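Visitor: Got a structure for you, questions after.
The values are calculated or read from the model by the stated rules, or taken from the named source; none is laboratory data. All of these numbers come straight from a predicted model, not from anything done at the bench. Cβ placement follows ideal geometry from the backbone for every residue including glycine, while neighbour counts extend to all protein chains displayed. The accessibility values were calculated without ligands, DNA or RNA, using every heavy atom of the protein model including side chains. Shrake-Rupley method; radii C 1.70, N 1.55, O 1.52, S 1.80 Å.
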Amino acid sequence: MKSQARVVIVGGGIMGVGLLYHLVEEGWSDVVLVEKGELTSGSTWHAAGQCPHFNGSLNLTKMHVYGTELYPRLEALTGVAVSWHGCGGVRLAFSDDEVDWFKYVHGLSRLAGYEAAIVGPNEIKTHHPLVETHDVKAAFVTFTDGHVAPADVTNAMAAGARRGGATIYRRCRATDIRRLPSGEWEVVTERGNIRCEHVVNAAGSYADVVGGWTGHAVPIANLLHHYVITEPLQELIDLDKELPVLRDPSSHCYIREETNGVLVGPYETAGAHLCFDGGPPSWDFESELVPPELERLMPWLEKAGERLPLFNRAGVKSVISGAITHTPDSNFLLGPAHGAPGYWMANGASIGICQGAGAGKYLAQWMVHGQAEINMREFDPRRFGPWAAGDYAKVTAIEDYHHMYYCYRPGEQHAAGRPVRKSSLFDRLGAAGAQYQQVMGWERPRWYDKSGEGERYSFRRSNWFEAVREECLAVRNAVGLMDLSSFAKFELKGNAAHAALSRLTANRIPSRDGGIVLAHMLTEAGFIESELTITRLAPDHYFLLSAATAELQDEDLLQRGLTADGGPTLANVTEAYGTLILAGPKSREVLASLTEVDLANASFPWLTGRIITVAGVEDVRALRINYVGELGYELHCPMASMAGVFDALMREGARHGITLFGTYAMNSLRMEKAYRAWGAELTNEVTMIEGAMERFVDLAKDFVGKAGTLKSKEDGPRIQLVYLEVAATDSDCRGNEPVYHDGRLVGITTGGAYGHAVGKSLAFAYVEPALATSTGELAVELYGERHAARIIPEPAYDPDNARLKG
Ligand SMILES: Cc1cc2nc3c(=O)[nH]c(=O)nc-3n(C[C@H](O)[C@H](O)[C@H](O)COP(=O)(O)OP(=O)(O)OC[C@H]3O[C@@H](n4cnc5c(N)ncnc54)[C@H](O)[C@@H]3O)c2cc1C
């Protein structure tokens with residue numbers, strides 16, 4: 001048994017083995033996997049093996065596409081038989097919303113490169129002759145979907161990995177993981193200890209227990225899932241080709257052929273429950289089924305029989321019932337564990353057979369090269385903090401399971417387990433009609449509904465549209481107030497703070513007290529990791545703000561860039577301070593009535609900040625910046641006393657028409673100013689040059705990612721960000737829509753909104769560089785229709801920043 005390796009993976013299901021294979025592919029061969037039983041003996045062996053493409057996320061789709069391209073080739077690559085069935089897939093739609101969703105996903109299919117078509121009810125039977133279609137509006141047909149025997153692909157990848165030098169220890173349970181003083185990890189197993197640079201928790205249903213050894217709560221829960229297989233049917237034997245896999249939201253079932261019988265797997269929409277009493281299985285649980293609960297499934301199975309009448313005519317031959325891991329948001333946990341350099345998560349998969357190869361490929365890239373070629377934010381385990389552990393993980397996992405075939409419309413989210421993180425204004429804003437959205441656990445108002453109806457969710461503009469117009473115009477013409485307490489907030493203190501920030505970010509760090517700068521942390525290769533607003537409060541004291549969802553990632557990035565001894569100290573003060581955004585031409589007057597500080601331009605200019613007292617509340621960090629393009633202030637107040645500041649601002653603002661606004665309005669206002677958003681326009685897929693952000697780069701100094709930035713500048717951008725006016729009608733860009741030029745796919749949108757002050761539908765897109773300066777027409781596809789799009793060279797609103805500086 002080895003005592004040292006570069007990587008040790010705990011868990012030999014498809015997630016662990018998929019990673020092992022791809023680490024070898026990426027060039028690391030000193031890699032070890034330990035499995036307590038046999039490979040696949042957890043959830044993997046009994047999966048139904050379906051590999052669909054349809055889903056609403058571009059990055060996840062890229063993983064699906066990779067898997068369905070790899071699996072048919074695996075036998076040739078590894079010499080191990082893999083029974084790939086490329087039978088295609090058909091997903092049914094019953095509502096206009098689902099049809100809109102299909103149209104959006106059809107755009108994604110072109111961007112991700114898989115073949116799909118949306119067909120009407122009359123054409124469905126040409127793809128699936130046996131399905132009942134009287135109530136169906138449309139179907140999404142995918143030609144390269146399929147299914148595969150899960151053990152086959154896992155064993156094939158294991159063989160490929162071994163051939164490339166990887167070592168697999170079966171019947172070797174890990175019993176502990178420890179961090180050594182050297183920074184290495186030690187995996188304690190039944191057969192000996194292995195020291196390693198990287199350790200990976202791929203323990204499937206046991207991931208939370210394994211995470212617990214190092215204090216990492218893993219927000220997953222094990223749900224009981226079944227599928228049944230019937231006796232063979234003559235009608236299926238007589239078919240000249242295999243039926244595509246059917247996904248039927250009316251019965252909430254997947255339905256396909258299996259050895260000439262019918263296989264039906266229901267995702268119950270009510271009453272689903274946790275396996276193993278909510279905990280992990282016992283350590284000796286191996287290649288076993290969980291006792292089935294067929295009676296409970298009858299309502300869904302009956303509906304499946306209505307959809308495929310053939311199913312009713314056959315006797316059930318076998319029932320498979322086992323544990324499947326779910327996370328609060330359906331995505332697996334793939335990436336670094338918070339606060340533990342070299343510890344990685346690869347667990348929480350509920351469609352792991354389909355996703356295991358792609359997850360392994362992109363995680364291996366991240367581990368070996370420091371970043372993956374796709375944006376991994378939505379999979380990063382650090383999107384969940386301690387707030388997501390325990391009961392929250394359980395109730396949201398159950399809701400996630402109930403909603404496997406649910407069509408979430410833009411703005412719509414799980415309701416279970418909320419609220420978990422809220423500002424001290426939660427009840428006040430709720431009473432004012434706040435329509436809350438959960439972001440990084442925080443409840444954040446999207447918009448304010450004065451009618452009491454709540455949001456009518458839709459892929460098109462809906463009842464929020466006019467309300468958001470009022471919010472935007474109030475900010476543009478008078479004054480608006482927003483609670484943005486979800487901002488991640490840090491304090492960096494110490495003599496070396498300036499030098500550390502200068503090394504870690506691309507921009508020049510302020511050298512005067514009160515100076516504010518927007519600065520980006522880059523990967524070694526020069527791609528954008530993070531965006532920080534940095535304020536110097538004192539020579540040895542900096543206040544740092546970043547996106548809510550980046551809180552734990554940025555804490556790690558900053559922490560790792562600091563020297564242990566004598567270096568500056570970092571504190572995460574996210575929950576200690578609440579944030580109010582006061583913006584609009586009247587904002588100065590409103591704030592002036594509540595503070596002694598002189599707010600005149602000469603003494604408190606744009607891009608400066610200071611600690612002031614507002615309405616008797618001390619230690620308010622007032623920054624003269626905002627993301628909406630007006631005269632305005634970010635007021636970071638001690639959370640416990642923020643309500644006092646809020647009440648005073650509302651009282652004093654009343655005579656100026658102060659209006660509460662939410663993130664929908666903020667998005668619209670930032671689009672009018674052409675402000676890029678981290679996570680949308682600015683991701684690890686682009687450099688500062690490609691994101692047209694060079695003015696935020698100080699090439700005169702050394703910083704992490706400088707060489708990559710220079711290279712991108714010398715080579716010229718591969719893609720270029722453009723700002724567009726779109727001739728949209730009843731919907732606006734939301735990101736990941738295809739962009740065309742002369743009928744050819746040339747780019748992708750990253751975000752957009754209707755600009756109410758300018759009366760234009762606006763979007764950002766990355767396009768081929770040759771088209772970035774083109775005056776020719778582009779076209780953006782929105783829900784199946786192409787709309788003319790024109791590049792606009794400067795912000796649609798106040799291009800000279802006169803309002804900000806006013
Ligand atoms: C009934 C059913 C049908 C399904 N159908 C599909 C489908 O059609 N398509 C699809 O994509 N997905 C499907 N799934 C989901 C799929 O099975 C899972 O997403 C996938 O198997 C998860 O893989 P994993 O590697 O994360 O976990 P697992 O396969 O459970 O692997 C984890 C491994 O870690 C090992 N382990 C744990 N702790 C230790 C330790 N301390 N030391 C050493 N080893 C350890 C375990 O023994 C186990 O082998 C289905 C699941 C079920 C239950």
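Visitor: Using the 4.7 Å Cβ rule, please list in number order the cysteines from the chain without any candidate partner.
Guide: Cys with no partner Cβ under 4.7 Å: Cys87, Cys172, Cys196, Cys253, Cys275, Cys407, Cys472, Cys637, Cys733.
Visitor: With r defined as the distance between the Cβ atoms of Arg313 and Lys125 and R0 fixed at 22 Å, what FRET efficiency is calculated, to the nearest 0.05?
Guide: It comes to 0.70.
Visitor: Continuing with this model, one more query. Could you list the residues of region 753-772 with an amide nitrogen less than 13 Å from a label point located 7 Å from the Cα of Arg461 in the Cα-to-C-beta direction?
Guide: 753-762
Visitor: Let me ask another. Do me a favour and compute the ellipsoid semi-axes for region 558-602 from its Cα gyration tensor, root of five times each eigenvalue, largest one first, whole Å.
Guide: Value: 36, 14, 10 Å, ordered largest first.
Visitor: Shifting gears a bit: Lysines near Lys805 by alpha-carbon distance under 23 Å, same-chain residues fewer than 8 away left out - which ones?
Guide: Excluding near neighbours in sequence, the set is Lys586, Lys673.
Visitor: Separation of region 714-748 and region 202-259 by C-alpha centroid, Å?
Guide: When both Cα centres are located, 37 Å separates them.
Visitor: How much length would be gained if the chain were fully extended between Glu596 and Glu302, taking 0.36 nm per residue of separation minus their Cα-Cα distance, in nm to one decimal?
Guide: 98.7 nm
Visitor: Please determine, in degrees from 0 to 90 and to the nearest 10, the orientation of helix 663-672 with respect to the longest principal axis defined by the Cα atoms of the chain, where the helix direction is its Cα long axis.
Guide: The answer is roughly 70 degrees.
Visitor: Relative to a virtual label point 7 Å from the Cα of Ser511 in the Cα→beta-carbon direction, which members of region 693-733 show backbone nitrogen distances below 17 Å?
Guide: Under cut-off, by backbone N: 697-703.
Visitor: What share of the DSSP beta bridges in the chain is antiparallel, in percent to the nearest 5?
Guide: 85
Visitor: Work out, step by step, the length gained on full extension between Glu470 and Ala217: first 0.36 nm times the residue separation, then minus their alpha carbon distance; give nm to one decimal.
Guide: Gain on stretching Glu470 to Ala217: 86.8 nm.
Visitor: Any idea what Rg and Dmax come out to for region 511-643 if you just take the C-alpha atoms, in Å?
Guide: 15.7, 49
Visitor: Considering only C-alpha atoms, what is the centroid distance from region 516-549 to region 45-75, in Å?
Guide: 37
Visitor: Same structure, new question: Once the mean 1/r over all distinct Cα pairs of region 159-204 is inverted, what Kirkwood radius in angstroms do you read off?
Guide: Answer for region 159-204: a Kirkwood hydrodynamic radius of 11.8 Å.
Visitor: Sticking with this structure for a sec: Peptides 17-26, 240-249: what's the order by average Cβ count within 10 Å, highest mean first?
Guide: Sorting 17-26, 240-249 by mean packing, highest first, produces 17-26, 240-249.
Visitor: May I ask for the equivalent-ellipsoid semi-axes of region 435-494, computed as the square root of five times each C-alpha gyration tensor eigenvalue and listed largest first in whole Å?
Guide: So the equivalent ellipsoid measures 28, 17, 9 Å along its semi-axes.
Visitor: Relative contact order for the chain using alpha-carbon pairs under 8 Å, separation at least 6, rounded to a whole percent?
Guide: Over the chain, the number comes to 12 percent.
Visitor: Express the carbon and sulfur contribution to the solvent-accessible surface of region 537-606 as a percent, rounded to the nearest whole number, probe 1.4 angstrom.
Guide: Solvent-exposed carbon and sulfur of region 537-606 make up 52 percent of the total.
Visitor: Now, a different point. Rg and Dmax of region 573-682 over Cα atoms: what are they, in angstrom?
Guide: Expressed in Å, the Cα Rg and Dmax of region 573-682 come to 13.9, 40.
Visitor: For Phe94, put the label point 7 Å out on the Cα→Cβ axis and report which residues of region 387-407 keep their amide N under 19 Å from it.
Guide: The answer is 400-407, whose backbone nitrogens lie closer than 19 Å to the label point.
Visitor: Please list, or write none, the lysines whose alpha carbon is within less than 21 Å of the alpha carbon of Lys701, excluding same-chain residues fewer than 8 places away.
Guide: Lys711, Lys713
Visitor: Rounded to the nearest whole Å², what accessible area per residue is found for the chain with the 1.4 Å probe?
Guide: With all protein chains present, the chain gives 36 Å² per residue.
Visitor: Just to confirm my numbers, what's the Cα centroid distance between region 142-180 and region 454-477 in Å?
Guide: 49
Visitor: How large is the Kirkwood hydrodynamic radius of region 277-353, in angstrom, based on all distinct alpha carbon pairs?
Guide: Its Kirkwood hydrodynamic radius stands at 16.2 Å.
Visitor: Taking the 0 to 90 degree range and rounding to the nearest ten, how far is the long axis of helix 150-163 tilted relative to the main principal axis of the chain, both from C-alpha atoms?
Guide: Taking the Cα atoms of the chain, the angle to 150-163 is about 80 degrees.
Visitor: In nm, what is the difference between 0.36 nm times the number of residues separating His273 and Arg503 and their Cα-Cα distance?
Guide: Gain in length upon complete extension: 77.8 nm.
Visitor: Further question on the same structure: Against the longest principal axis of the chain, how steep is helix 706-715, in degrees 0 to 90 to the nearest 10, with axes from Cα atoms?
Guide: 80
Visitor: Using a simple spin-label model with points 7 Å from Cα along the Cα→Cβ vector, what separation in nm is obtained for Lys450 and Arg110?
Guide: 4.1
Visitor: Principal axis lengths of the chain from Cα atoms, whole Å, largest first?
Guide: Result, largest extent first: 85, 63, 51 Å.
Visitor: How big is the Rg/Rh ratio for region 75-199, C-alpha atoms only, Rh by Kirkwood, two decimals?
Guide: 1.22
Visitor: What list of ³J(HN,Hα) couplings, whole Hz, do you get for region 488-499 from phi and the Karplus terms 6.51, -1.76, 1.60, once you set θ to phi - 60° and write x for glycine and proline?
Guide: Result, rounded to whole Hz: 6, 9, 9, 10, 10, 10, x, 4, 8, 4, 4, 5.
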